[in-house]
Structure formats: structure tokens, C-alpha cells
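Student: One structure coming up, written as C-alpha cells, with questions to follow.
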Amino acid sequence: MAFFRIILTWALQAVVVLLFILFIVFLGFCLYIKYIHLKYDHIPGPPRDSFFFGHGLTIRKILQRDEFLHQTLLKWAEIYGPVYRVNLLHIVLINVSCPEATKEVLMSIKYKKDKFLHNKLFSMFGERFLGNSVITTLDNEQWYKQRRIMDPAFSSLYLKGLVDTFNEMAEKLMHKLSEVSDNKTEANMLHLFNCVTMDVLAKVAFGVDLNLLQNTSPFPRAVETCLKGMVCNIRDMFYQLNPKNRPFIREVREACRLLRTSGAQWIKERRAAMQNGDDVPKDILTQIIKAAGEEENMTPEDEECMLDNFVAFFIAGQETTANQLAFCLMELGRHPDILEKIQKELDDVIGMKQDISYDNLGQLVYLSQVLKESLRLYPPAPGTSRDLQEDLVIDGIHVPAGVICMFNPYVTGRMDRFFKDPLTFDPDRFHPNAPKPYYCYFPFSLGPRSCLGQNFAQMEAKVVMAKLIQRFDFTLLPGQSFEIRDTGTLKPKGGVMCYVTHRDKKK
């Protein structure tokens, strides 16, 4: 009996000690949060929801109501100025809409991608996602090495040779739209654009014919699932703790595995074909493997990084372009005068030609302006971030080191301090003779870490949009939503539903 009393006493003492330790840790964390508040509260910002969670509860409520978070960030920028603070537990986010600071931070390689976002994108719920891709890597030497490997696949000379493939894949979309027009059915243009951009990417980058306009494939669903999982993983600190989320978490893991295993198989097959001396397509995958073979000291991690880049390019190179095309078409459906100007330009430059040449793309000046204006109002990738590792003065406000600086092209693109009547869709803002926006327009980010595939994406978008407007008239279905949905990238919530008719058959 005495033995059990001793054991019970020890157990109670252990519990008391453990509780005391937990209390000390909790108290220490609270004191650290208080220290963070004292250090950064001179920076303007909205009132915190609570001492402990900061603004986290407000953000969580916005997401739970399926509201658009970036509109709240825009409202805060207008209220609190070009630099304002958001607290999440002990983390401080500094939202910047000051052009001078944007130039200073994004144009310099010394400001690294932030560790918080890197950790969230490296893996999702225990499954490797973007890893140390050229988009996410923090190490400058590793980034330089990856850029050397990737750059030949995006050279202007090589991209020029892809125009024929852009034409070929866009023709499949035109054939599909002809069927829609003949059958007088509704067209979900976002879905169709997703199909054609993924077809382009698979063909141009990896030599694979998916033909999603006619066939089914698990890839579109996998990309969508990964992007939704990314948003949940980044913005909801309690997401994994909720048992109701476990089925979706399993879906995200399976989607990540599908993309990575598919990429590994395609890389393995292409590499084997190249080693055997087989005739292989001169696509982006071949370029990457050739360039990687010329690199010295390729490590297993470098091989894994090739797979990271496969996933990053597969997602970023498809989803963002499809969303840009859908937003652009949505605005053209609401601005027939602008559409008429594009049609006139296409009639003058292309006429009845079926294929669009590389030289034609440079002549489509007004279409380029329209695409740029669409990116101003609806940047598919709505932000980038950097770790601030040294003190910085932004618009007269001292910002101590140790915070994450957020740069949001959706916010700056809709501020009247940078663009007159910012909610008006006006392509003349980007007329060749118009003043160039000063570090407030960056849909592909800026500086050395800007989007590697931006020229690829804009060439593809111009070919697809030019062919579509050359061949078809379209009318937006009444009553649909024109709101924006954030699923990792920005996309039209209503899908851009249209009736499509042949231009030469219009009654």
C-alpha cells in the first residue's frame, strides 16, 4: 500500500512539475508576443482581434465565409497607408504598397523568399510539394544553379520555335468552340481555357498529348486540389487539428503524389530515350535534362529539385494562364467597344490566316494592352513575399528586421494613387506612349526572382485569345457572378459562362 502511495505521490509531483513547465513556457511565449507588439506596434495597422492570435481570427472568418481576402487587404492599405502591420501569433507581416520599397526589396537578391512560406510550400501535410524549386528555394547558390539549368528552356529563341505548337493546340480549342456554337450550348470558358493551357503545357514542356478537350485526366483535379490545399495550409493555422478536414488532407497528399510520380516517370523515360540516342522532341523537358547534364556535381537533391520544378511549372504554367484568359474574356464581354478594337486589329494583322506567326504577335499591340490591363485588375498570382533581415525605412516608417514583407499586385493595381479610376477597364493605360507604372504593376513579380515563364505565358495567351476573337463572337450569360475566387490563384467565381457564335455566321 505504501508503495502505491509513493507512486501516486511521484505521479502527482510529475504532473505538477509538467504543468509548471507548461505554464512557464506559455508565460514566456506570451512575454515574447508582448515584446513583438512593443517592437512593431508603431507601424500602423488594423486593431488586433486578440492579444494572442492577432488578426488571425479575422482572416479565418473571411476564409470560412468564402469571402475575398485580398479585398480586405486593399481596404486596409487605403485606411492605414503604404505600409501596415498584420499580426499572426508571434509572426508580423508588413504589407507594402510603396513603389520605392517595392523596388528596393524585389529588385535585390539579398532579400530572400520568406521561410514561413517556403516551409508551407516545401511539403503539404507531410507530402513533398514544391520542395526547393526555383520558385521556393531560399538558398541563393541553389537558386542560381537552378536558373542556369532552367534558362535555356525559356530563351527567346527557343520560345519563338513554340509558336507552331501554340497554334496547333489552340486550334483544338477552336474546334471545340465550333461544336459548342453549332449545338447552341453554354460554354464554361474557364474550364475550356484550363483544358487548353494544360494541353499546351503537357505538349510543349513534356511531349505528352493529354487532349483534355476530348479526354478525361486526373491532372486538372490534382492541380486544383493542390492549390486549395496550399491555401488551407498557409492561411489556417488550425487546419490539420480539425478532424473534419482529414478526408481533404488525404486528397491533397494523393494529388501531390500523383504529380510527383508522373513527373518522375516522364523524366525517367525521356532521360532513357536521350541516353539511347532516340529521336526526342526538342521540348522544355529535353532542354532541362540537357542543361542539367552539363552541370557539374549533380547531387540526389538536385535530381529531386528537377522534380520540384516539374510540379511548380506544371501548376504555375497552366493555372495562371487559364485564369488570365478567363478574366480577359469576362471584361471583353462587358466592354464591346474594346472587343471591337481588338477585332479590327486582328482583321488588319491576321485577316483570315489560320496560323499566327511570331512576327504577328509583335504586331498585336492593342491585344497586348488588353492582356496587361486584365493582369492589372486580376493578377492570377496575387502576391509575393520576402524576409526582412535588416532594418528598413518604408515611407518614413522604421521597420525593424525580423518581419515578412508582403507585396500584392492586386492591391496596388486597384489603388487610385497609382491608377486613375482604377476599377475602370482601360487598356490605353498600357499604350506604348503612356507613362510606365512605377513599381506598382508586377503581376509576374519583379527582379531576379520574377516569374521565369512570363514570356511563355504571354505568348500562349496572345495566340489563344487572338484565334478566339478572330473566329468567334461571344455573349456573357446574364445573372452570372463576376466575383473573384482565391484558390491559391485568382479565378472568376462564375467560370465565365458564354454563348458562342461563329463571326461569319452571326445573324
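Student: At what distance in angstrom do the alpha carbon centres of the range 111-147 and the range 156-183 lie from each other?
Tutor: The distance from the Cα centre of the range 111-147 to that of the range 156-183 comes to 33 Å.
Student: Which listed residue (440, 239, 202) has the Cα farthest towards the positive end of the charge dipole for the chain, taking +1 on Lys and Arg C-beta and -1 on Asp and Glu C-beta about the Cα centre?
Tutor: Going by the charge dipole, the pick is 239.
Student: Relative to the longest principal axis of the C-alpha atoms of the chain, give the angle of the C-alpha long axis of helix 300-334, reported between 0 and 90° and rounded to the nearest 10°.
Tutor: 60 degrees
Student: Dipole of the chain, Cα-centred, from +1 at each Lys and Arg C-beta and -1 at each Asp and Glu C-beta, to the nearest 20 debye?
Tutor: 1360 debye
Student: Let me ask you something else. Can you sort 417, 471 by how many other beta carbons sit within 10 Å, fewest first?
Tutor: 417, 471
Student: How much FRET efficiency would the formula 1/(1 + (r/R0)^6) give for residue 398 and residue 10, where r is the Cβ-Cβ distance and R0 is 45 Å, rounded to 0.05?
Tutor: For R0 = 45 Å, the calculated efficiency reads 0.25.
Student: Quick one: Karplus J couplings for the range 359-373, per residue in order, coefficients 6.51, -1.76, 1.60, θ = phi - 60°, nearest Hz, x for Gly and Pro?
Tutor: So the Karplus estimates, Gly and Pro as x, are 5, 4, 4, x, 7, 8, 5, 5, 4, 4, 4, 5, 5, 5, 5 Hz.
Student: Order 277-288, 59-70 from most to least packed using the mean count of other Cβ atoms within 10 Å.
Tutor: Final packing ranking: 277-288, 59-70.
Student: Rounded to whole Hz and in sequence order, give me ³J(HN,Hα) for the range 342-356 from the Karplus expression 6.51 cos²θ - 1.76 cosθ + 1.60, θ = phi - 60°, writing x for Gly and Pro.
Tutor: 5, 4, 5, 4, 5, 4, 6, 8, 10, x, 9, 4, 7, 9, 9
Student: Any chance you could give the angle, 0 to 90 degrees and rounded to 10, that helix 2-40 forms with the longest Cα principal axis of the chain?
Tutor: Once rounded, one gets 50 degrees.
Student: Still on this structure: Within straight cross-link reach of residue 145, meaning Cα distance under 24 Å, which lysines are found once same-chain residues fewer than 8 apart are removed?
Tutor: Hits, sequence-local ones excluded: 110, 112, 113, 115, 120, 268, 282, 290.
Student: Here is a follow-up. Contact order normalised by length for the chain, with contacts defined as Cα pairs under 8 Å and 6 or more residues apart; what percent is it?
Tutor: Averaging sequence separation for qualifying contacts and normalising by length gives 23 percent for the chain.
Student: Just need the relative contact order of the range 411-507 here, percent rounded to a whole number, with Cα pairs under 8 Å and 6+ apart.
Tutor: Relative contact order of the range 411-507: 18 percent.
Student: Excluding residues on the same chain fewer than 8 positions from residue 203, give the aspartates and glutamates whose Cα lies under 13 Å from its Cα.
Tutor: Leaving aside aspartates and glutamates fewer than 8 places away in the same chain, those within reach of residue 203 are 164, 168, 283, 460.
Student: How high is the relative contact order of the range 57-171, given as a whole-number percent (alpha carbon pairs under 8 Å, six or more residues apart)?
Tutor: Contact order relative to length: 10 percent.
Student: Let me ask something additional. Hey, can you rank 427-438, 116-127 by average C-beta count inside 10 Å, highest first?
Tutor: Ranked by mean Cβ neighbours within 10 Å, highest first: 116-127, 427-438.
Student: Next question, about the same structure. Report, in deg cm²/dmol and to the nearest 500, the calculated mean residue ellipticity at 222 nm for the chain, where each DSSP H run with n ≥ 4 adds -39500 (n - 2.57) and the sum is divided by the residue count.
Tutor: Here the helix-only value at 222 nm equals -18000 deg cm²/dmol.
Student: By a straight-distance test (C-alpha under 16 Å), which lysines pair with residue 436 as possible cross-link partners, with residues fewer than eight away in the same chain excluded?
Tutor: Partners within reach: 103, 372, 420.
Student: Let me ask something else. Could you give the nm distance between label points at residue 52 and residue 148, where each point is 7 Å from its Cα heading toward the beta carbon?
Tutor: 5.0 nm
Student: A further question follows. Answer with one residue from 482, 472, 457: the one whose Cα lies farthest towards the positive end of the charge dipole of the range 446-507, charges on Cβ with Lys, Arg +1 and Asp, Glu -1.
Tutor: 472
Student: I would also like to ask the following. Amide H to amide H, which residues 5 or more places from residue 88 or on other chains are under 5 Å from it, using H placed in the peptide plane?
Tutor: So residue 88 has HN proximity to 55, 93.
Student: While we're here: Angle check, please: helix 284-294 long axis (alpha carbons) against the longest principal axis of the chain (alpha carbons), in degrees 0 to 90, nearest 10.
Tutor: 60 degrees
Student: Cα gyration tensor of the range 185-329, axes a ≥ b ≥ c as square roots of the eigenvalues: rounded (a/c below 1.5), prolate (a/b > b/c) or oblate?
Tutor: oblate
Student: Let me ask something else. Residue-wise, which Karplus ³J(HN,Hα) couplings in Hz belong to the range 92-107, taking 6.51 cos²θ - 1.76 cosθ + 1.60, θ = phi - 60°, and x for glycine or proline?
Tutor: Values, residue by residue: 10, 10, 10, 8, 10, 10, 9, x, 5, 5, 4, 4, 4, 7, 6, 7 Hz.
Student: While we're here: The range 219-294 to the range 426-497: how many Å between their Cα centroids?
Tutor: 25 Å
No value in this document is a laboratory result; all are computed from the given coordinates. Quantities reported herein were computed from a predicted structural model and do not represent experimental measurements. FYI the Cβ positions are ideal-geometry reconstructions off the backbone, even for glycines, and counts take in every protein chain you see.
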